[in-house]
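First up is the structure itself, then whatever we jot down about it.
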């Protein structure tokens, strides 16, 4: 019995001595802190993590890294004596960061050079937006929520409507009128006259049938403020006009046209500036009805494309003649050509002319 007790005592004594002489004990009583709900307008919040040197040698915090620039660390710079404490302070700035957050702070020491990870988390309640936040585009005292309206995809024979918000920042009423409105756009403002600090909206309706175009289009009109023309007073409206194939039956899809190009990309290699690159993009209609070329558009005015025909019968082949004029261009070049057809599965195809243009010496 004495032998057993002596052996147990020896083990306990050894463990005690080990813990007292081990220089590699660094402790963080709290490694994960939750701020709970904080407000964006309330400014920065902070929490100080306590670090304990449980070893027998001085503890040195060599570096502290954070996972985001929104978190700023401060820490005890002088060595922490054995059985003493230091702090790692994490300061979080919620400005412009509404919603939940979860950030890490990695602490590197002479005890653990691989780093110890601490965490702060919480939920930021967004601040209430002001008129300056919402109406950031300014035409003198008139504020607009945007000067570009993208109505995205619009099918042929479809009309879409969207709005732009307006606000009077001035001390006098503002009357809005418009110039240069394209015939396929309808523009209305309510109210027509904005009182000081009053908001309203410009309603824009896009009629693709009247636009009579295919693919990506951009239109512009100007805003007059009290019959005056301020600088940068254009509003742009963009859309992508497409054919609606969503209602096609299986039979219609089976009997539809199909465009098949021999190649979509042509690498013309190395040429001298000033040379013209000419290439024929050959294609076939491998479908069962007439293939119609709706539109061909090059990405650059330096490139022209001419189709030999715009209606291709089933089983027939044709080509598009593409010319890239290299004058004024040097280095690696890539010019795209967009082809829009009535192929329901590939209504938009992109061709490309690529190569390197070297400057003439």
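Brief remarks on what is shown
- For the chain, the antiparallel share of DSSP beta bridges with both residues in that region comes to about 85%.
- Rounded Å value of the spacing that divides the Cα centres of the stretch 296-361 and the stretch 90-128: 51
- Orientation-averaged projected area, Cα convex hull of the stretch 250-358 (nm²): 6.3
- Computed from the Cβ-Cβ distance with R0 of 25 Å, the FRET efficiency linking residue 112 to residue 91 stands at 0.65.
- Measuring r between the beta carbons of residue 201 and residue 136 and using R0 = 22 Å, the FRET efficiency lands at 0.90.
- For the chain, the 222 nm mean residue ellipticity estimated from helices alone, with every DSSP H stretch of n ≥ 4 adding -39500 (n - 2.57) and the total spread over all residues, rounds to -2500 deg cm²/dmol.
- Label-to-label distance for residue 244 and residue 299 is 3.2 nm, based on points extended 7 Å past Cα in the beta-carbon direction.
- Ratio of the Cα radius of gyration of the stretch 135-198 to 2.2 N^0.38 Å, where N counts its residues: 1.28
- Which label in [x] 36, 23, 16; [y] 46, 28, 23; [z] 64, 36, 23 gives the computed semi-axes √(5λ) of the Cα gyration tensor in Å: [z]
- Spacing of the two label points (7 Å from each Cα toward its C-beta) at residue 30 and residue 236, in nm: 5.1
- Förster radius 41 Å - calculated FRET efficiency between residue 336 and residue 224 (Cβ-Cβ, nearest 0.05): 0.65
No value in this document is a laboratory result; all are computed from the given coordinates. Please read these numbers as outputs of a predicted model, since none were measured by experiment. Positions of Cβ are generated from backbone atoms using ideal geometry, with glycine treated the same way; all protein chains shown enter the neighbour counts.
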